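Have a look at the structure below before the remarks.
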Amino acid sequence: MAPVLQATGITKRFPGVLANDHVNFTLERGEIHALLGENGAGKSTLMNILYGLYDPDEGEIQVDGKAIRLSGPHDAIDHGIGMVHQHFMLVPPLTVTENIMLGQESLVGRTRALGGLAVLDRRVAAARIQDLSQQYGLQVDANAYIKDLPVGAQQRVEIVKALYRQADILILDEPTAVLTPQEADELFVIMRSMVKQGKSIIFITHKLREVFAVADRISVMRAGQMVGSVKPAEATRELLALMMVGRKVILQVDKVAANPGEPVLRLEDLCVLDDRRHMAVDGVSLEARAGEILGIAGVQGNGQTELVEALTGLRKVEEGRVLLLGEDTTHARPREIIEAGVAHVPEDRHKHGLVLSFPIRDNFVLCTYYRSPFADGIELDYPQMADEAERLVRLFDVRTPSIETSAGSLSGGNQQKVIVARELSRSVKLLIANQPTRGLDVGSIEFIHRRIVDARDKGSAVLLVSAELDEIMSLSDRIAVMYKGRILATLDAQEATREQLGLLMAGVTSSEPERVVDPRQGAEDPRKGSEEGAHV
Amino acid sequence: MSSAVSTPHGRPRRRSQAGRSPSGATTKAGGSAQAGRPGDRQGASWLRRLASPLAMPALALATAFLIGAVIIWITSGSLTTVFEAYSGLVRGAFIKQRGFSETLVATIPYVFLALGVSVGFKAGLFNIGVEGQFYIGAISAAWVGQLTHGLPAIIHVPLAVAAGAVGGAIWAAIPGYLKARTGAHEVINTIMMNYIAFRLTEYLISWPLKDKLATAVQTQRVSPNAELWTLYGMRERLQNPLDALLVALVLGLSAWFLVHLWMRRRTSDEAGLSFFRRRSSIPWIAALAVALVSFFLLPLLARAWWPFGDPYGRLHVGLFMSVMAAFVVWWLLWQTTIGFEMRTVGANPGAARYAGVRISRNIVLAMAISGALAGIAGTVEVLGVSICRCLPLFFSSGYGFESIAIALLGKNNPLGILASAFLFGALRNGADLMELNSGVSKYVITIIQALVLLFVAAPSIVRWVYRMKPPAGAEQEAPLTRGWGG
């Protein structure tokens, strides 16, 4: 039998880049085929070609043995190819049914006049949605409003949307990026049930743990080329990492035991509001000491962003105190906090970390441009700035054609290296790293982790905020779990287990054992928080 | 572009995920797709680096004139009219008596105004109120200029120019402050401030500052010592030692500035020059030398030989002021921490806040500088061009609104602005002879200007017409405005 989807010799060039270089990819009926690769390896380009968003320069796509041409996503949908994007394509103020109908509305009472004006028939659609939801165990409430649903449920709506359009082939683009480990496991159950009923799934990820959990076959891309396909049984984490990066990767960050010193940062009952004036940080007390990494674990949108913004002077503190080396910096300006020795690797490198249109030379001095040696009076000293930029480019191995290259034209990993280099180039008492490796490739992650541990070993306190449990667990010396603006527990990293942290991230504390019974309930609980995650 | 890109291993070094949306091909894909070997950099010759930013405006211009020709052809029904019109335009702008100097006269206010607009754009602000700031600058200068007749030019001219600058600065700082404090959008508020400025100046001209002896409604004539000299008149002026001193001072300061910049641009590790770098006295010596030479020799030179012999020529020293202003704006935006902050705020306010830059202060400052330049434009028109050397009731212009187009055409770059201001000056000045010559209405010029602006603002049209490829690098132009939410 012909494979359900076969792409042969796919080539796609962008100006200056060969994004896909004669890529072959086969999807058998009823399999979960994981596509693994670093950022920029060409996974997304390949999927966008299969979904009709890009036109390949060369190559052929076959569905059920027949060659097809896709001139847009609607063609892909007609051929039974559905895609769940990493960033959901949902309209928050509409209901699940309305969102799913969008573009394929079922109508009643169609008139001839006014271009076929008709009334939406929500009932028929809702009934079909409930059927699909039951058939695959998706648990989607057709009448709920998207804005009230947690991220995990929104993702299931996206899946139903694809199924509603009779997709046989589902492309899931990094579906676990926004989920807790428990939610991810639930998703895997759903994926299994779908393939059992004849669907085929392409599962894109860069997390090695997940491919072993769910995939039937694993293909790895690197530098626009297909490196190879393996069965999970034949693969090891080390082998896959080698295939992804092209060289040996140290997966475990090796670090000596922490040697905690004086407290650098003390938070006392900190309360911070989010943009909608809801309590985002609700009475947080913490202490970070010199020479240790304090990890803050939690699903995105549980107040971590606001906490970091409050610490760095970017957001007003409502109540409580921030003490930095004994000085009260609760209401200090960002610049005062920077000058007190705080380095900040921001969560959103495009929004806060870099000025994309500026050359990287200018981005390296973004926080220090006004100080000697980069400024002489009010005049900028470009030669000095260039020297510093050259030094940091070498030291942090930033791959760039020149220091004059605009930050926006670097890859994500190199952009992040620019930020980390800049922040660690000052004398740092406290490093606040918020999602420092999000969306980066394995090589860059390894490098940035190394630098964070180095900063710790040089005596800085490090506050590491991350939604990636692996990152938290491999780097931190102590782990605080944040849920709905509160710190539920602070654990010693040596003793904490993945399961324990996962439950805490879902808001389940041991004092409420009844909630452990139904993990789904726990997972769906972070309502307010997850909503925010969806806006990212 | 051949900027492309493979590592020695023959594999793309930096691959692109290339935007997630298909339509993002020009912006997003271009943004992440980048390039290459360090060696490529040297390969691109300076000529190409110069040519590529000029290609788009040049094509936009050519296309605009081509379409303008078609419009003239269609409306007049004859091809010869097209030639008559365009030859009239060229002769009017450059060839006829005083054509070229009048083009320069029209260029001067354009330069100041467009520089003002560009400073706003660089800080992410759309100062659409330069016309109003122009008026406030004009009335301020007119007021200070006629206050007294006793001051020598060396004091009165700088004072009157400063008054115009301050007037414009305050007028623009108000919407800047409103934006910084309340988030009120500057586009709305500067437009409102325009109307207030128009009516306010009309009131001031008609009553408090009205010249009671004149038949026309206008302010009193400014002191001859507050006038900006015409280039013809400068010859006589230079014979007055105090006026010669003013010239010497201005030239001396310019010399200081140029030498200072030249010394700073040397790299620190050039051993020989590090000697110069440490001597802060050198620019002062140069300044003193230039000032002394010009103080003693220029009057003699002027008596012996003077290139501007036309007593009716209106070209005035504002020409030099405008070039100096372009230079100062370049220095401010790209060579100082002030400019760095303003550009950071304009390019990414989030990153600016993160870096500890005070956004409010920079918004007010950028608006004030923008308004000051617009105010100086009004000043030079009153002190240098206005026939009565005063502010009449019906003054100007449309200069202000056209200058927004000039700033865009010049890509917010001072050098580009000098060039595009000159172009607009030529069009403005040549229009009359075009009408006279061919019977084609001079308002055809505004159609051409509009087309130029359209093509500059939407380069993809030009690219489509000429089958050009989208640029390989991201199109990193100043973000013009950032939506209406502020």
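Given the pairs A:Lys147/A:Lys207; A:Lys417/B:Lys122; B:Lys122/B:Lys442; A:Lys429/A:Lys484; A:Lys12/A:Lys351; A:Lys66/A:Lys199, which span a C-alpha to C-alpha distance of over 23 angstrom in this model? Intermediate values should be presented prior to the final figure.
Values: A:Lys147/A:Lys207 28 Å; A:Lys417/B:Lys122 27 Å; B:Lys122/B:Lys442 33 Å; A:Lys429/A:Lys484 28 Å; A:Lys12/A:Lys351 29 Å; A:Lys66/A:Lys199 18 Å.
Flagged as over cut-off: A:Lys147/A:Lys207; A:Lys417/B:Lys122; B:Lys122/B:Lys442; A:Lys429/A:Lys484; A:Lys12/A:Lys351.
Alpha carbon centre of the stretch B:400-428 versus the stretch A:153-175: separation in Å?
52
Please give the charge dipole size of the protein assembly as shown, origin at the Cα centre, charges +1 on K and R Cβ atoms and -1 on D and E Cβ atoms. Round to the nearest 20 debye. Spell out each step's value before the answer.
Working: 102 positive and 95 negative charges, 550 e Å.
The dipole magnitude comes to about 2640 debye.
Amide H of A:Ile487: which non-local residues (sequence gap of 5 or more, or other chain) have their own amide H closer than 5 Å, using H built in the peptide plane?
When sequence neighbours closer than 5 places are left aside, the close amide H contacts are A:Ser285.
Taking the Cα centre of the protein assembly as shown as the origin and placing charges on Cβ (Lys, Arg +1; Asp, Glu -1), which of A:Ile419, B:Ala287, A:Gln139 is farthest toward the positive end of the dipole?
B:Ala287
Give me B:Thr75, B:Thr219, A:Thr400 ranked fewest to most by other Cβ atoms within 10 Å of their Cβ, as a rough exposure proxy. Intermediate results must be reported in sequence, preceding the final value.
Numbers: B:Thr75 11, B:Thr219 29, A:Thr400 25.
Ranking B:Thr75, B:Thr219, A:Thr400 by Cβ neighbours within 10 Å, fewest first, gives B:Thr75, A:Thr400, B:Thr219.
Would you calculate the separation in nanometres between label points at B:Ala450 and A:Arg450, each defined as 7 Å from the Cα along the Cα-to-beta-carbon direction?
Each label point is offset 7 Å from its Cα along the Cβ direction, giving 6.2 nm.
Report the antiparallel proportion of the DSSP beta bridges in chain A as a percent, rounded to a multiple of 5. Each step should come with its number before you reach the end.
Working: 48 of 85 bridges.
Beta bridges within chain A, antiparallel portion: roughly 55 percent.
For chain A, take the alpha-carbon Rg, divide it by the Kirkwood Rh, and send me Rg/Rh.
Details: Rg = 24.6 Å, Rh = 25.0 Å.
Expressed as Rg/Rh, it is 0.99.
At 37 °C and 0.692 mPa s, grab the translational diffusion coefficient of the protein assembly as shown from Stokes-Einstein with a Kirkwood Rh over Cα pairs, rounded to a whole number in µm² per second. Present the calculation step by step, with values, prior to reporting the outcome.
Working: Rh = 32.5 Å.
So the translational diffusion coefficient is about 101 µm²/s.
With each pseudo-label sitting 7 Å past Cα toward Cβ, what's the B:Ile71-A:Arg276 distance in nm, one decimal?
Each label point lies 7 Å from its Cα, and together they span 5.0 nm.
Using only Cα atoms, locate the centre of the stretch A:354-399 and the centre of the stretch A:257-334, then give the distance between them in Å, rounded to an integer.
The stretch A:354-399 and the stretch A:257-334 have Cα centres separated by 29 Å.
Evaluate 2.2 N^0.38 Å with N set to the residue count of the stretch A:5-51, then give the Cα radius of gyration divided by it. Provide the component values of the computation, followed by the final result.
Values: Rg = 11.2 Å, N = 47, 2.2 N^0.38 = 9.5 Å.
Cα Rg divided by the expected 2.2 N^0.38 Å: 1.17.
Give the aspartates and glutamates whose C-alpha is closer than 20 Å to that of B:Lys210, dropping any in the same chain fewer than 8 places away, or say none.
Counting by Cα, and skipping residues close in sequence, B:Lys210 has these aspartates and glutamates nearby: B:Glu202, B:Glu227, B:Glu381.
Can you work out the FRET efficiency for the pair A:Thr236 and A:Asn259, with r the C-beta to C-beta distance and R0 = 51 Å, to the nearest 0.05?
0.90
Please report A:Glu262, B:Glu186 as a ranked list, fewest other C-beta atoms within 10 angstrom at the top and most at the bottom. Spell out each step's value before the answer.
Values: A:Glu262 11, B:Glu186 27.
Ordered by Cβ neighbours within 10 Å, fewest first: A:Glu262, B:Glu186.
Which shape class applies to the stretch A:322-479: rounded if a/c is under 1.5, otherwise prolate when a/b exceeds b/c and oblate if not, where a ≥ b ≥ c are the square roots of the Cα gyration tensor eigenvalues? Show your work: numbers first, answer last.
Values: a/c = 1.87, a/b = 1.15, b/c = 1.62.
It is oblate, given that a/c is not under 1.5 and a/b is not larger than b/c.
Grab the DSSP H runs of the protein assembly as shown that are 4 residues or longer, score each as -39,500 (n - 2.57), total them, divide by all residues and round the 222 nm result to the nearest 500 deg cm²/dmol.
-15500 deg cm²/dmol
With the Cα gyration tensor of the stretch B:96-232 in hand, give its eigenvalues times 5 under a square root as the equivalent ellipsoid semi-axes, listed largest first in whole angstrom. Mind dumping the intermediate values first?
Working: eigenvalues 157, 80, 43 Å².
That gives 28, 20, 15 Å for the three semi-axes.
What are the ³J(HN,Hα) couplings of the stretch A:470-484, residue after residue, when phi is run through the Karplus curve with 6.51, -1.76, 1.60 and θ = phi - 60°? Round to Hz, x for glycine and proline.
4, 5, 4, 5, 7, 9, 6, 9, 10, 10, 9, 9, 10, 8, 6
Farthest toward the dipole's positive end in chain A, which of A:Cys271, A:Met473, A:Ile77, given Cβ charges of +1 (Lys, Arg) and -1 (Asp, Glu) about the Cα centre?
Final value for the positive-end residue is A:Ile77.
Could you tell me the center-to-center distance, by alpha carbons, between the stretch A:220-248 and the stretch A:400-442 in angstrom?
Rounded to whole Å, the Cα centres lie 26 Å apart.
Run the simple label-point estimate for A:Leu117 and A:Asp348 please: 7 Å along Cα→C-beta, distance reported in nm.
Result for the modelled spin labels: 4.0 nm.
What percent antiparallel are the DSSP beta bridges of the protein assembly as shown, to the nearest 5? It would help to have the intermediate numbers written out before the result.
Numbers: 53 of 90 bridges.
Taking every DSSP beta bridge with both residues in the protein assembly as shown, the antiparallel ones total about 60 percent.
Sort the stretch A:89-238 into rounded, prolate or oblate with this rule: let a ≥ b ≥ c be the square roots of the eigenvalues of the Cα gyration tensor; rounded if a/c is under 1.5, and if a/c is not under 1.5, prolate when a/b is larger than b/c, oblate otherwise. Each step should come with its number before you reach the end.
Numbers: a/c = 2.50, a/b = 2.13, b/c = 1.18.
Cα axes put the stretch A:89-238 in the prolate bin.
With point charges of +1 on the Cβ of Lys and Arg and -1 on the Cβ of Asp and Glu, referenced to the Cα centre of the protein assembly as shown, which listed residue (B:Gly339, A:Val195, B:Ile154) lies farthest in the positive direction of the dipole?
So the residue we want is B:Ile154.
Would you mind calculating the gained length between A:Ser193 and A:Leu102 on full extension (0.36 nm times residue separation, minus the Cα-Cα distance), in nm to one decimal? Show your work: numbers first, answer last.
Numbers: separation 91, 0.36 × 91 = 32.76 nm, distance 2.59 nm.
Value of the extension gain: 30.2 nm.
How would you rank A:His74, B:His260, B:His156, going from fewest to most other Cβ atoms within 10 Å of each one's own Cβ? Don't jump to the answer; show the numbers that get you there.
Working: A:His74 13, B:His260 18, B:His156 24.
By the 10 Å Cβ count, ascending: A:His74, B:His260, B:His156.
Just so you know, all these numbers are worked out from the coordinates, no wet-lab data involved. Model, not experiment: these values are computed from the prediction. Ideal geometry is used to build each Cβ from the backbone, glycine not excepted, and the neighbour counts take in all protein chains shown.
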